[in-house]
Amino acid sequence: MTIYEGRRVNELVQLSLEIEGYTPVVKDVPNGATEVVYIGVVSQVTGTRNVGVRGIFIDGSVKLLKVIELRFT
């Protein structure tokens, strides 16, 4: 499966969840994973925030995969 500019999912080793105004949370991506779940990272977040996800690949490259705006209550 291709996820970004020809990069393959099996080359992805970490995901960084970045919420505007907060420290990024980085999780390892297990080999063969079909999902990565972040638990409890938004419990203190309020208001409307930009949320980004960056992929860290096996060769050390970092790519922005997605940015969305979410409202937290």
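The values are calculated or read from the model by the stated rules, or taken from the named source; none is laboratory data. Predicted model, so just to flag it, every value in this text is computed and none were measured. No Cβ is skipped: glycine too gets one built from the backbone with ideal geometry, and neighbour counts run over all protein chains shown.
How many residues, within the range 17-57, are outside any loop (DSSP other than H, G, I, E, B) and more than 13 Å from ARG71 (Cα to Cα)?
12
In contact (Cβ under 8 Å) with a residue 40 or more places away in the chain, of a type outside the set (Ser, Thr, Tyr) and surrounded by 14 or more Cβ atoms within 10 Å (Cβ to Cβ) - does that describe any residue in the range 15-37?
Looking for residues that are in contact (Cβ under 8 Å) with a residue 40 or more places away in the chain, of a type outside the set (Ser, Thr, Tyr) and surrounded by 14 or more Cβ atoms within 10 Å (Cβ to Cβ), one finds at least one in the range 15-37, hence yes.
Select from the range 19-56 the residues that are over 12 Å from the mean Cα position of the chain (by Cα) and under 22 Å from ARG8 (Cβ atoms) and write down the one among them that is modelled with the highest pLDDT.
This residue is PRO30.
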